């Protein structure tokens, strides 16, 4: 009743802020529950990783180092899922590991989940080596003798008996390697202590705030591709045609930004309309 006698512009400018909060909340929640898959431009750095995996022959060895922990899961987990789906779809031999002890359990769960989804067999199609102490020293050791760095996998099986590692003695025998890093050790260490010494092809993935610091490696050709943050994950999901949490997250972000812009424009229109009415 207190709004009786007010003009429409006055009512809109005095609207209960909880209604605005509800509108923004719905714009965020609905795309997460029901992703639309808004068009997204594919960057050259993300395409670089995709194209290299796409070019690998079947049964090539793909090493994915999951160098992050649950704190960076919202951005890097979708990247890992998209990469694993792509590699399994290409029938590559997928070897996974982590340089972060705090991310070991999460990495094992991630790899097992995607492998089960894609119908892959442990030991033949993929393996999870787990974590080994030493940080960058592990990379150097793998470059000389992978079995010395990881004599057994995460479950305790001897790595020498795994068919997925047939013909693989060191990092030099890889078809491709990608590090998804949330800090150090991560992508930079894999270049300095790995690719630079043992000459294998390297790609990277990182959180959004880290991406600018890795662009020098990309521009100089030291890494051949870079997946940056949630947007990079959404681009990769679009490339493989399997839209997941990253695309949903970008839809929610875009819808929320659009709602805020429209609210700002509308409030300004109502304000100037009210000023004009009052002379």
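Quick note: the coordinates plus some simple rules give every number you see, no bench work behind them. Computed from a predicted structure; not experimentally measured. Don't worry about glycine lacking a Cβ; one is built from the backbone with ideal geometry, like all the others, and counts go over all protein chains shown.
Quick notes on this structure:
- Length-normalised contact order for region 44-242 - Cα pairs under 8 Å, 6+ apart - percent: 29 percent
- Our estimate of slack between residue 272 and residue 101, defined as 0.36 nm per intervening residue step minus the Cα-Cα distance, is 55.8 nm.
- Between the C-alpha center of region 180-206 and that of region 128-151 there is a gap of 14 Å.
- C-alpha long axis of helix 104-117 to longest principal axis of the chain, angle in °: 90 degrees
- A Förster distance of 35 Å, applied to the separation of the beta-carbon atoms of residue 118 and residue 262, puts the FRET efficiency at 0.25.
- To the nearest ten degrees, helix 17-33 and the longest principal axis of the Cα atoms of the chain are 30 degrees apart.
- Just so you know, the Rg over Rh for region 108-223 is 0.97, from Cα atoms, with Rh as the Kirkwood radius.
- In the chain, the longest principal axis of the Cα atoms and the axis of helix 229-240 are about 70 degrees apart.
- Rounded to 0.05, the FRET efficiency of the residue 148 and residue 47 pair, given R0 = 25 Å and the Cβ-Cβ distance, is 0.10.
- Two-site label geometry, residue 13 and residue 34: point separation in nm, points 7 Å out along Cα→Cβ: 3.6 nm
- Convex hull volume per residue in cubic angstrom - Cα atoms of region 1-128: 175 Å³
- Computed log10 I(q)/I(0) for region 171-279 at 0.11, 0.12, 0.18, 0.22 Å⁻¹: -0.52, -0.57, -0.91, -1.13, from the Debye equation with unit scatterers placed on every C-alpha and solvent omitted.
- Mean projected area in nm² (Cα convex hull; one quarter of hull surface) for the chain: 18.3 nm²
- Peptides 266-274, 101-109, 46-54 ranked from most to least packed, by the mean per-residue count of other Cβ atoms within 10 Å: 46-54, 101-109, 266-274.
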